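The values are calculated or read from the model by the stated rules, or taken from the named source; none is laboratory data. Just so it is clear, the model here is predicted, and its values are computed rather than measured. All Cβ positions, even for glycine, are placed from backbone atoms using ideal geometry, and neighbour counts span all protein chains on display. Ligands, DNA and RNA are stripped out before the accessible areas are found, and what is left, the full protein with its side chains, is counted by its heavy atoms. Shrake-Rupley method; radii C 1.70, N 1.55, O 1.52, S 1.80 Å.
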Amino acid sequence: ANGTLTSSGNISVNNKSVGLDATTSDVTVSGGTHTIGKESVGFKLKNFAAANKFLGNSGNISITDEKSVAYLLDGSNFTSNTNFKDDLTLASTKAYTYMSLINNSTLNYTNTKTIANDDSIFVNTNNSTVNLLTGTTVTSTNKKVTGVYSTRSTVKNEGTIRLMGDKSSALYTEGSIV
């Protein structure tokens, strides 16, 4: 907590684990492979204020099993190209969630991402706010892909969500404001 972490090495975690767990810190990732097992999280970022940074400049995320999340934002406030950068390359052998926002997190997001696995979710948000800003492009040709799955959250899409696989949904909400 309240620290600075710079990482360029490899991190591997197995079932129900977290690769990097940071609270109110500044994190810079410049390389390495982050291998994530079943029901696990690659990067858990908790209580990051606007002054804290997560800069994923380069490296790889490899998800090797099901029900895992690349980025978990917990009570954090991020804006792409200001205090958040997610330029790691993701490869997965199973369905995954790219980002999950919980506990009043806010994400103002700009990037281009392709979801390459069936049954995957780009953003899962619960009691949080996600703004997909102009310049954001999320695409997939896989089946049953969800762009944003929102529960009791606020979602704004100014970008492009293009999901061409069967039974996909760009925005799915329960008790949310879209």
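Per-structure values
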| read-out | value |
| --- | --- |
| Segment 120-152, subset among the small types (Gly, Ala, Ser) and surrounded by 17 or more Cβ atoms within 10 Å (Cβ to Cβ), residue nearest to residue 74 (Cα to Cα) | 128 |
| Test: residue in segment 157-165 that is of a type in the set (Val, Ile, Thr) and at pLDDT 95 or above | yes |
| Any hit, segment 52-59, residues being over 25 Å from residue 164 (Cβ atoms) and of a type in the set (Phe, Trp, Tyr) | yes |
| Count of residues meeting criterion [open to solvent by 20 Å² or more (accessible area, probe 1.4 Å) and in contact with a Ser or Thr (Cβ under 6 Å, 6 or more places away or on another chain)] in segment 17-31 | 4 |
| Subset of segment 46-75 (residues that are touching an Asp or Glu at 6+ places or on another chain (Cβ under 7 Å), open to solvent by less than 30 Å² (accessible area, probe 1.4 Å) and under 18 Å from residue 28 (Cα atoms)) | 52, 56, 71 |
| Residues that are open to solvent by 20 Å² or more (accessible area, probe 1.4 Å) and not β-branched (Val, Ile, Thr), drawn from segment 76-99 | 77, 81, 85, 87, 90, 91, 92, 94, 95 |
| Residue that is nearest to residue 120 (Cα to Cα) [pool: residues in segment 48-89 that are touching a residue at least 40 places away in the same chain (Cβ under 8 Å) and assigned to a loop (DSSP other than H, G, I, E, B)] | 65 |
